[in-house]
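Comments concern the structure below.
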Amino acid sequence: MRKKTSERVRVAVIGGSGLYAIPGVADVQELRVPTPFGVPSDKISVGRLSGVRCAFLPRHGRGHRLLPSEVPSRANLYALKSLGVERVIGVGAVGSLKEELAPRHFVVPDQVVDRTWGRPVTFFGEGIVAHTALDHPFCEDLRRELVRAGHDVGATVHSEGTYVCIQGPHFSTKAESRMHRDLGFSVVGMTLAPEFKLAREAELCYATVSLVTDYDVWKEGEEVSVDKVAAVMHDNVDRVNRLLSLLLPRLAADRTCRCGQALQGAVFTDPRAMNPVTRRKLNLVLGPRVLPKKERAC
């Protein structure tokens with residue numbers, strides 16, 4: 001590992017299936033970032049793209065070692081926040097549930113349905129209770145910039161849609177795929193949850209660009225395979241890189257959204273009743289906002 005610099009890293013990319021590195025990133029450092037929630041998916045690469053200092057983390061680890069349900073999302077988001085990150089862009093492969101969302105199209109969803117189970121979905125618990133709002137699960141400012149950058153690189157971009165997150169690691173049955181289609185969902189994937197929920201708790205701006213690889217299995221004559229997903233993702237790497245190259249300089253300004261105040265009014269537990277061990281573990285997330293007045297002055 002190279003020596004870590006003190007310059008702040010404000011933007012991060014979490015890459016999904018087929019995206020294990022970002023070509024063209026200069027001055028790369030690879031950092032191992034320990035967290036109270038375990039080890040992140042892999043070392044975090046920090047470098048410059050279009051002159052902007054950014055971080056990159058492969059969601060499944062290099063070589064694709066982690067099942068969707070094994071991705072350590074709490075460690076990933078905590079580690080990025082500890083580097084000073086404020087905005088996180090998720091990239092992932094999805095199956096389409098609508099005819100008009102064709103393979104190789106980009107979808108920037110505005111809603112999510114979480115059908116996963118058994119995954120740690122919160123930083124809280126163990127003596128501290130918080131309830132964050134998720135009616136609008138993504139940062140609208142970041143979504144808007146993602147859509148604009150997608151259009152600018154010549155991609156067919158759909159600016160809204162509902163992502164249904166399934167448990168995996170198996171692809172859907174035909175009955176499940178048709179059910180999701182009948183319910184009006186737009187795309188299906190396995191990794192968006194709990195990533196978006198944890199980003200909100202960590203007060204990070206978060207949005208995702210979903211890369212359509214197939215029509216899931218609802219469409220006659222269509223099938224889903226690892227080879228098909230990998231081929232489409234490989235074809236899209238160049239466009240994703242160009243999208244990010246355009247997008248990052250547009251994110252250089254300070255945030256004006258409310259993502260950075262997501263925990264305001266969300267923490268229910270009286271500070272005097274908090275488990276002190278948990279409070280120390282969550283200091284990066286909570287900051288000074290919930291400390292008793294006497295402790296704030298220390």
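Quick notes on this structure:
- 222 nm mean residue ellipticity, helices alone, for the chain (DSSP H n ≥ 4; -39,500 (n - 2.57); rounded to 500): -8000 deg cm²/dmol
- Gained length - Ser159 relative to Leu183, 0.36 nm times residue gap less alpha-carbon distance: 6.7 nm
- Cleavage-rule hits (chymotrypsin sites (Phe, Trp or Tyr not before Pro)) in region 1-86: DSSP loop, at most 10 neighbouring Cβ within 10 angstrom: none
- When +1 charges are put on Lys and Arg Cβ atoms and -1 charges on Asp and Glu Cβ atoms, the dipole computed for region 92-296 relative to its Cα centre reaches about 1100 debye.
- Share, in percent, of DSSP beta bridges within the chain that are antiparallel, nearest 5: 35 percent
- Summed over all non-identical Cα pairs, the Kirkwood treatment of region 31-185 gives a radius of 17.7 Å.
- One decimal place: the segment His234-Ala175 gains 18.3 nm when fully extended, by the rule 0.36 nm per residue minus the C-alpha distance.
- With contacts taken as Cα pairs under 8 Å at a separation of at least 6 residues, region 92-296 carries a relative contact order of 34 percent.
- When Rg and Dmax are taken over the Cα atoms of the chain, they come to 19.1, 67 Å.
- 3J(HN,Hα) couplings calculated from phi for region 58-68 with the Karplus curve 6.51 cos²θ - 1.76 cosθ + 1.60 (θ = phi - 60°) are, in sequence order, x, 4, 9, x, 4, x, 6, 9, 10, 5, x Hz; Gly and Pro show x.
- Taking other residues whose beta carbon is less than 14 angstrom from the beta carbon of Lys228, and scoring Lys, Arg as +1 and Asp, Glu as -1, yields -4.
- Each other residue within a Cβ distance under 15 Å of Pro103 adds +1 if Lys or Arg and -1 if Asp or Glu, for a net charge of -3.
- Within the shell of other residues whose beta carbon sits under 15 angstrom from the beta carbon of Leu243, the net charge comes to +4, with Lys and Arg scored +1 and Asp and Glu -1.
- Applying 1/(1 + (r/R0)^6) with r as the Cβ-Cβ distance of Arg280 and Arg8 and R0 = 25 angstrom yields a FRET efficiency of 0.60.
- Count of Lys pairs (Cα-Cα under 17 Å; at least 8 positions apart or interchain) in the chain: 10
- Extension gain, Ala26 to Ala253: 0.36 nm times the residue separation minus the Cα-Cα distance gives 79.6 nm.
Any read-out appearing in this document is the output of simple, stated calculations on the displayed coordinates, not a laboratory observation. Just so it is clear, the structure is predicted and the values come from calculations on it, not from any experiment. Cβ: placed from backbone, ideal geometry, glycine included. Neighbour counts: every protein chain shown.
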